[in-house]
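Each value in this text was obtained by applying a stated rule to the coordinates, not by laboratory testing. On a predicted model such as this, the values are computed, not experimentally measured, just so you know. Quick reminder, even Gly has a Cβ in these numbers, built from the backbone with ideal geometry, and neighbours come from all protein chains shown.
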Amino acid sequence: MTAPPRKLRLEEWDARHASLVAGGLRESAYGGVLSRHVGERGDTRLRHLLFDNSAAALRLWNFLLTEEDRLREHRAAGRKLVGAMKDLGTVPVMAFALPDLVAFYPDGAWWTPCLMEHSDGLLEVADRLGIDDSFCPVRAMLGAFVTGSHFPIPDLLVCSAGAVCDDFSAIAQRLEPLGFPVFWWEIPRRRSPEPGESAGSLPGGLVVPECQIALARGELGRVCLALEELAGRPLDDAAFSAGIRAANLVRRLLRELRDLVFTAASSPLPALELLIAEMLAIHYCSDREETILVLEGLLAEAQARVAAGQGVLPADAARVFWVNPVADLRAMNLLEECGGRLCGTDFMFGHALVDIPEDLPPLDALARVALADPMIGSAQDRARLICAEMRRLGSEALVVSRIPGASHCCREGDIIRQIVRDNTGMPTLEIEVPPLGDALMPALRSRLLALVETVIGRRTL
Amino acid sequence: MIPLALVGESLLPSHFDLPGLIEARGGRVALDATSDGERGQPVFPDEARIDEDPFAAMVDGYFDGVTDIFQRPNTRLYDWLRPRLTDRGIRGIVLWHYSWCDLWRAEANRLREEFRLPMLHLDAGDSLTPSMKTRVEAFLEILHA
């Protein structure tokens, strides 16, 4: 810890960076002042965000915002790029277990319209291809493929089908006739075993029929063959297991960081940085070893702040469990400006945060984790997991943040909120956050303020 | 009568007048490629297999014989449509889907690109609305011209 924690505007970060460097800060090759991303990449949204002032957070942001460079460097170095789509955390575990393969999520382009405040034109490209704003903002991915101006086009595209969002599946399918072939694999909709049906357990405690595990194992086996073909070598169990152990290290670091941020008397890290940190779990931002270092840095910073009794937010901030990632990163700042703090999250990839079993054959272990995906089961299942986490963490309220046009969002909010209300008695709120939410911010602010007020009021009852 | 293909989701009972409406305006549904039409019917090409292993024949008939928009990749749908559109001399496509049905909506442009036929894109509500009727009328008028 190098300074008392506080939040900085982008322009304040330049001076802070100079002071850190003068104090001996050693940065990675991708380091530097944050403000350069506005000029070099057009990430103008950064000018409207508040950032944590730690060197660890600086490293996190620089790591995130340089991913496209990193992918191009991987390609230049002869590594093959795998574009994993939709599964959020499963295929990259296999890809990174093979030398010279690097996986990333083209889905991540959904934040580009936010970061570039629509100057990227990606959504307009999607519009022209018939994918209008009735679809999830992940349609920006389509524009990124067609323009080729963001991430490099992957050597292999892999996308899960079956129990996935219709809109995402439709967008990914739209890629094929445009000249981007997709390797499809199927993930079944998770169900409970019938009476007497052979069953198996998943990380996180869910139980499913063995036949679903076998199906997922078989499908991931097909993906594995495609990855092996791309890599030009087989993936043996030893390398696969090593990949799983490395994934688990990332997951454990992240779990420790989350628990600290959610349960400390005063939150040692802002919501925005936590959201970004969680995203590292799904594909390591294209560099697994660096992800580990970035997370270790954040965890050390958070631990130091907690040990010093310091935090970035008042201790009485309302403890909010947040469901779904936000299309506009500014919304995470807004929660805190309204007197809230994160106390639990379900950003749609809980399965990327649990340990992958290390005592099972690797493919079997990965299949079980894939089946633990909160988005492939019922909203009721997801809500029950949320209730359990809210109790464990001491959350005081729930926010379901809808993603405009996302097919899973039209009904899940009501279901999750009802179950959370019935089971915990906590106040709940549903909001919708578009990629650029400036016009809605006053209304969102009022709604979040009302929630925080309700939480504070309940404390005295 | 101008031969049209009706492609998309099932019609609700309140939409059953759509083929009649098309006929009244000088068209006819020469290919019913809705989910309840011929596209949704299982195919049993091997009669002998039905006797040998009826369960497997049924699985094959439904899984391999029925084509739909959700299949990945959905090339089977296009492979199914292509010869039928040609063989039946189809001159226009009526794409029928429901609000928020992303799977069909996302394919509208591709259907146009792939088959290069005039297309009427109908976003179905609870019933056939006057505006829908006018659009069908205008579509057929254009095709007649």
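Here are the numbers for the structure shown:
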item: Overall form of the protein assembly as shown per C-alpha gyration tensor (a/c, 1.5; a/b vs b/c); result: prolate
item: Rg/Rg_ref, the stretch A:69-238, where Rg_ref = 2.2 N^0.38 Å and atoms are Cα; result: 1.13
item: Contact order normalised by residue count of the stretch A:122-258, Cα under 8 Å, 6+ apart, percent; result: 15
item: Nearest-20 debye value, the stretch A:22-177 charge dipole, Cβ charges on Lys, Arg, Asp, Glu; result: 480
item: Per DSSP, loop chymotrypsin sites (Phe, Trp or Tyr not before Pro) in the stretch B:53-132 with at most 16 further Cβ within 10 Å; result: B:Phe70, B:Trp100
item: Whether the stretch A:191-257 is rounded, prolate or oblate, judged on the alpha carbon gyration tensor where a/c under 1.5 counts as rounded; result: oblate
item: Mean Cα-pair separation over length for chain B, i.e. relative contact order, pairs under 8 Å, 6 or more apart, %; result: 31
item: For the stretch A:394-412 versus the stretch A:139-168, the gap between their alpha-carbon centres in whole angstrom; result: 23
item: Candidates B:Gly92, B:Gly61, B:Gly37: whichever shows maximal mean-square fluctuation once chain B is modelled as a Gaussian network with Cα springs under 10 Å; result: B:Gly61
item: Spacing of the two label points (7 Å from each Cα toward its C-beta) at A:Glu124 and A:Ala388, in nm; result: 4.8
item: Inter-chain Cβ neighbour average for residues B:95-106, partner chain, 10 Å; result: 5
item: At least 24 Å along the helix axis (C-alpha) and Kyte average at least 1.0, DSSP helices within chain B; result: none
item: Chain A - percent relative contact order, Cα under 8 Å, separation 6 or more; result: 17
item: For the protein assembly as shown, with +1 on Lys and Arg beta carbons and -1 on Asp and Glu, the positive-most of A:Leu175, A:Ser266, B:Gly27 along the dipole; result: A:Ser266
item: Selection of GluC sites (Glu not before Pro), the stretch A:145-210, meeting DSSP coil and at most 16 other Cβ within 10 Å; result: A:Glu197
item: Dipole of the stretch B:2-144, positive direction: furthest Cα of B:Ser99, B:Pro118, B:Ala48, with charges on the beta-carbon; result: B:Pro118
item: The stretch A:125-172: C-alpha gyration tensor shape, a/c 1.5 cut-off, then a/b vs b/c; result: oblate
item: Mean Kyte hydropathy of 0.0 or more with a Cα span along the axis of at least 24 Å, helices from DSSP in chain A; result: A:210-231, A:237-263, A:288-307, A:441-459
